[in-house]
Amino acid sequence: MAIGKHQRSDLGTRAHAIYDAELRHRLEPHEHGRYLALEVETGDYAIGDRFGDANEKLRERHPLPTLFFVFRIGYPAAVKTGGHYRGRL
């Protein structure tokens, strides 16, 4: 299943809308720091202590090729990229 660039950006927009409207207020107080994988078409989600845990739990319920959007509950992004410059390369 090929997913186009437009569909991927739409996935993020839709995922954030669902999270903000339906899940944030319920999950952030009790699940802060855990990971949430969200299936945008159904609104189904799974929570895990690690990125892969949430993804695997949701994959068990949605085995067909489906894109999930992963959040880290209470954080602006699920993962950090980059590193810390220590003065030498």
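Each 5 Å bin, from zero up to the one with the longest distance, holds this percent of the alpha carbon pairs of the stretch 40-80: 6, 22, 33, 24, 12, 3. Legend: calculated FRET efficiency, Leu67 to Glu22, from the Cβ-Cβ distance at R0 = 25 Å, rounded to 0.05, equals 0.85.
In the calculated pair-distance distribution of the stretch 5-68, the portion above 18 angstrom amounts to 36 percent of the Cα-Cα pairs.
Each label was represented as a point 7 Å from its Cα along the Cα-to-Cβ direction; for His32 and Glu60 these points are 2.8 nm apart. The mean sequence distance of close C-alpha pairs (under 8 Å, at least 6 residues apart), as a share of the length of the stretch 5-68, puts its relative contact order at 24 percent.
The numbers here are math on the coordinates, done by the rules we state, and not lab data. Quick caveat: nothing in here was measured; it's all calculated off a predicted structure. Reconstructed Cβ throughout: ideal geometry from the backbone, glycine too, with neighbour counts over all protein chains shown.
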